[in-house]
Structures are given as C-alpha cells and as structure tokens.
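The values are calculated or read from the model by the stated rules, or taken from the named source; none is laboratory data. Predicted model only: the values in this text are computed from it and were never measured. Positions of Cβ are backbone-derived with ideal geometry, glycine not excepted, and every protein chain shown enters the neighbour counts. All accessible areas refer to the heavy atoms of the entire protein, side chains included, with ligands and DNA or RNA removed. Shrake-Rupley method; radii C 1.70, N 1.55, O 1.52, S 1.80 Å.
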Amino acid sequence: MARLIPPPRWLAPVLILLGIASVVAWHRLSTPEMAPASTLSCADLHAGCATRLDGRPVTVAIVGELKVLSPFEIVVRTRADKIQASFTMEGMDMGFNLYTLRPDAAGVFRARVTLPVCVTGRRDWVMTLDIDGRRLALPFSTTL
C-alpha cells in the first residue's frame, strides 16, 4: 500500500498569500482609475454654491449644523442618475463613510449624513461628490 507524504508546513501559508495577492491584483486591474476631482470653493455651504460639471449646472448646499456626530443634510440640484458623497481629511484615513443621495419628488438629490470624530481634533474636511462618475470636491470646516 502506498504511503501519502504530507505537504510541507510552509505550503498552506504560501498558497493563502498567493490567493490574497491575486485578489488584490485583480481588484486594482479591474477598478477604473477615477478622474481627479474638480474643486469647488464654497464660502457658505448653507447658502449653497453653484458650478458646472460636464456642462450641466450643479448646485450644492447643506441643511443643518456642520458639526461632527451631528446629522445634517446634503442637497444637490442637477441632472444625474447617481450621486454619492464621501468625507475625507488630507493625509488621514477617516474610515468608510459613503452616502448615496436619493432624489425627492422634485428631483432634488438629498442624503442625511453624520461626520465621524477626528481624534486629533482637526476640523478641515473635504466632501467629495461622485456625480455619474465625475468627482467634485468641496473643502469645508466644522464647528466644535
């Protein structure tokens, strides 16, 4: 009767690492590069700001207090199929915070959002809107 030889101990970890590397490589190759975001400087997000993105008018405003852990609403007026918003800080990972804006009966896109707490106390945020694959960045600051 033939005797089976067990595989070397290092084989399983190597196969796992190869599998992980394959998934990461596939994800990077299959994910399209996002175009750089256009930046919109907005002196007063409560009053709203307007710009043009790919020739279409876009108006962005917020309703509520810009405070961490205090919900506020993003309001976007434009023609679009899909709008998502995320929040970042320069040089800092703020975790997963992607919001999908939904059109109301009048076709105005809205989402109720909450900013995470920055443990360093920073208040300089960038809201990035993805409007049908085009990105619009809006820097802003929160109150304490």
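State whether the residues of segment 104-122 include one that is within 17 Å of Leu45 (Cα to Cα), outside any strand (DSSP E or B) and open to solvent by less than 40 Å² (accessible area, probe 1.4 Å).
Checking segment 104-122: at least one residue is within 17 Å of Leu45 (Cα to Cα), outside any strand (DSSP E or B) and open to solvent by less than 40 Å² (accessible area, probe 1.4 Å).
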Task: Single residue of segment 88-103 satisfying the filter (open to solvent by 70 Å² or more (accessible area, probe 1.4 Å) and either in contact (Cβ under 8 Å) with a residue 12 or more places away in the chain or not in a loop (DSSP other than H, G, I, E, B) (or both)) that is nearest to Phe140 (Cα to Cα) - done: Glu90
Open item on the list: It is to be established whether one or more residues within segment 12-28 are over 18 Å from Ser141 (Cα atoms), hydroxyl-bearing (Ser, Thr, Tyr), open to solvent by 30 Å² or more (accessible area, probe 1.4 Å) and at pLDDT 90 or above.
Closed with: no
TODO: Please find, within segment 62-97, the residue that is nearest to Cys49 (Cα to Cα) out of those that are among the small types (Gly, Ala, Ser) and under 16 Å from the mean Cα position of the chain (by Cα).
DONE: Ala85
Open item on the list: Can you tell me how many residues within segment 71-87 are farther than 13 Å from Val126 by Cβ and open to solvent by 30 Å² or more (accessible area, probe 1.4 Å)?
Closed with: 7
Task: Residue that is modelled with the lowest pLDDT, among those in segment 29-46 that are hydrophobic (A, V, I, L, M, F, W, C) and over 18 Å from Trp125 (Cβ atoms) - done: Met34
Task: segment 123-142: number of residues that are open to solvent by 50 Å² or more (accessible area, probe 1.4 Å) and of a type outside the set (Ser, Thr, Tyr) - done: 6
Open item on the list: Can you report the number of residues in segment 62-87 which are in a strand (DSSP E or B), at pLDDT 85 or above and of a type outside the set (Phe, Trp, Tyr)?
Closed with: 12
Task: Within segment 41-53, considering residues that are surrounded by 11 or more Cβ atoms within 10 Å (Cβ to Cβ) and in contact (Cβ under 8 Å) with a residue 40 or more places away in the chain, the one nearest to Thr143 (Cα to Cα) - done: Leu45
TODO: Mind listing whichever residues of segment 54-87 are free of Cβ contacts under 8 Å to residues at least 40 places away in the same chain and touching a strand residue (DSSP E or B) at 6+ places or on another chain (Cβ under 7 Å)?
DONE: Pro57, Thr59, Ala61, Ile62, Val63, Gly64, Val75, Arg77, Arg79
